[in-house]
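What follows is a single structure, written as structure tokens, with notes after it.
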Amino acid sequence: MPVFRVLVADDERFIAEMLGEILEEQGMIPELALSGKEALEKFHSSDFDLVLLDLRMPEVGGMEVLEKIKKEDSEIPVIVITAYGSVDNAVESLKKGAFDFVTKPFKVDELLNIISRALEIEQLRRERSYYLEEVQKRFQFEGVVGNSPAMKEVMEVSSLVARTNATVLISGESGTGKELLARSIHHQSPRREKPFVVVNCGAITETLLESELFGHEKGAFTGANARKLGKFELADGGTVFLDEVGEMSPAMQVKLLRFLQERNFERVGGTHLIQVDVRVIAATNRDLGRAVKEGCFREDLYYRLNVVPIKLPPLRERKEDIALLCDFLIKKHTERLHKKIKGISPQALRVLKRYPWPGNIRELDNVIERAIILTQNEIIQPPDLRIFEPPIGNRWKPLKELEKDYVEQVLEYTRGDQEKALRILGITQEELNKIREEE
């Protein structure tokens, strides 16, 4: 357990010493300041996890101290202590960044509850910052997050192949981040200043795909009213990413094979050979080795593409990465959505780790974004996720059991507060008792 350092600022020595004793009994290290000036001096010269701040102090008042502390460290939680009846001051302090407030005379249990919540959020914030820094230090692949053995191997191979011009084949289920990894390889390569061009081979018909890749001359076919440059020509010097390459027709496979062998092509309807310098990174959610055996994919093209194979594991096989991924996604979406979400609770993380993730990281991304949009909490809780946990093993649970499981999750979230749970669930106490008693 971490030991927290708390700055206690109150000009009444008796109260400051009493607060210090309370904090010491909880295993914390208090540092007392008997004036606003002293509080600022101690805050500047040392590191603290939390500040308890009296608003009424001579010379430098508590509100001024609050402003200066938040200017220096906007994330540190500050709990304001104010005289009974000074609600306006308390509200003003919240607007200036205070975490919460208590009024004198305060109840010790109430204060300790607020301190506990503040330190939990602060600890989550620091852990998130630490993990994000570690990810950035260890892995230079933007957005590709993971510390599991499988992802370490992926990023090690990617780092090595990025320095070369070798053709790469990335395989993995939909939503595992194949395009993101391909972009990262490109941006870590000597070609980073040149274009990264994406072609979705599974979303374009055979005729259009040939024109998309190689371009066409004016009049090459009906509707070809002008010359069009293809993706290979546009990406000269850079990288072409062929997504879902396993969906290519046999005829297009032949044409792609010839390009990979010769590194030149003719536009559709043209006669002039065009030489380009492009790197090809292909991706597929199919087992191309099996497709070759079944006669659905050319063996020679497979070996041309599979120079350096990289397999991205599904999320269900790297659940140890979920906490890191959540930290990354929360940071990404809170900045974009301008919401102050500090992190995700251990209970919510347990729900995510039990979920099978058929949509992989893309689905996790959607779940976290939705939770951030809809939650009214600073810490994401299980009900914010809006997902049902999977059945145990391959046994599907009856609806009543799923209902009971969800009720228990909500009660865990409310820490046993049945009135709050009833409001969330929208049921009566009698209905709650009936659900919990059913076997």
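Summarising the label geometry, the points placed 7 Å from Cα in the beta-carbon direction at F221 and L208 lie 1.1 nm from one another.
If you put +1 on each Lys and Arg Cβ and -1 on each Asp and Glu Cβ, how big is the dipole of the chain around its Cα centre, in Debye rounded to 20? It would help to have the intermediate numbers written out before the result.
Details: 64 positive and 74 negative charges, 446 e Å.
For the chain, the charge dipole is close to 2140 debye.
As an exercise, use a Förster radius of 56 Å and the Cβ-Cβ distance of N200 and R415 to find the FRET efficiency, rounded to the nearest 0.05.
Details: r = 48 Å, r/R0 = 0.85.
Result of the calculation: an efficiency of 0.75.
In the chain, a dipole from Cβ-located charges (positive for Lys and Arg, negative for Asp and Glu) runs towards its positive end, and of A9, I424, Y355 it is Y355 whose Cα lies farthest in that direction.
When the dipole is taken about the Cα centre of region 5-135, and only Lys, Arg (+1) and Asp, Glu (-1) are charged at their Cβ, what size is it in debye, to the nearest 20? Could the numbers behind the result be given before it?
Details: 16 positive and 29 negative charges, 74 e Å.
Charge dipole of region 5-135: 360 debye, to the nearest 20.
Model label points for R258 and I373, set 7 angstrom from Cα along the Cα-to-Cβ axis, are 4.7 nm apart. Between K37 and E179, the distance separating the two model label sites (each 7 Å from Cα on the Cα→Cβ line) works out to 6.1 nm. Applying 1/(1 + (r/R0)^6) with R0 = 30 Å to the Cβ-Cβ distance of R350 and L160 gives a FRET efficiency near 0.25. Label zone of R286 (point 7 Å out along Cα→Cβ, amide N under 15 Å): in region 200-216 this covers 200-206. Only Lys, Arg, Asp and Glu carry charge here, each on its Cβ (+1 for the first two, -1 for the last two); on that basis region 237-379 has a dipole of about 440 debye about its Cα centre. Of all lysines in the structure, those lying under 18 Å Cα to Cα from K400, and not within fewer than 8 positions of it along the same chain, are K434. Rounded to the nearest 0.05, the FRET efficiency derived from the C-beta distance between E294 and T334 at R0 = 60 Å is 0.85. When the Gaussian network model of the chain links Cα atoms closer than 10 Å, the mean-square fluctuations of L385, L160, L213 top out at L160. Kindly list the residues of region 16-55 that lie in the label zone of A83, defined by a backbone N under 12 Å from the point 7 Å along the Cα-to-C-beta vector. Residues 55 fall inside that zone.
Pull out a ≥ b ≥ c, the square roots of the eigenvalues of the alpha-carbon gyration tensor of region 1-131, then state rounded if a/c is under 1.5, prolate if not and a/b is larger than b/c, and oblate in the remaining case.
On the way: a/c = 1.35, a/b = 1.23, b/c = 1.09.
Taking the square roots of the gyration eigenvalues as a ≥ b ≥ c, region 1-131 is rounded.
A full extension of the chain between R386 and V307 corresponds to an added length of 24.2 nm, given 0.36 nm per residue minus the alpha carbon distance.
Taking a cut-off of 19 Å between Cα atoms, list the aspartates and glutamates near K104, but don't count ones fewer than 8 places away on the same chain. Partners within reach: D10, D11, E12, E17, E21, D54, D88, E92.
The mean sequence separation of alpha-carbon pairs under 8 Å and at least six residues apart, normalised by the residue count of the chain, gives a relative contact order of 12 percent. Oblate is the label for region 230-279. Its Cα gyration tensor axes, ordered a ≥ b ≥ c, give a/c of at least 1.5 and b/c at or above a/b. Taking the centroid of alpha carbons for each part, region 155-171 and region 205-265 are 23 Å apart.
At q = 0.07, 0.08 Å⁻¹ the log10 of I(q)/I(0) for the chain amounts to -0.54, -0.67, computed by Debye summation with a single uniform scatterer per C-alpha, solvent ignored.
The calculated 222 nm mean residue ellipticity attributable to helices in the chain amounts to -15000 deg cm²/dmol, summing -39500 (n - 2.57) over DSSP H runs of n ≥ 4 and dividing by all residues. You can think of it this way: the chain between K319 and Q275 has 11.3 nm of extra reach, that is 0.36 nm per residue less the Cα-Cα gap. In region 78-120, whose amide N lies under 20 Å from the spot 7 Å out along Cα-to-Cβ of K71? List them in ranges. Flagged as within label range: 78-80, 92-99. A cut-off under 13 angstrom between Cβ atoms defines the neighbours of G61, and their net charge, with Lys, Arg +1 and Asp, Glu -1, is -3.
Laboratory data are not the source of any read-out in this text; all were calculated from the coordinates shown. These figures come from a predicted structure and were not determined experimentally. Note: ideal-geometry Cβ built from the backbone for every residue, glycine included; neighbour counts use all protein chains shown.
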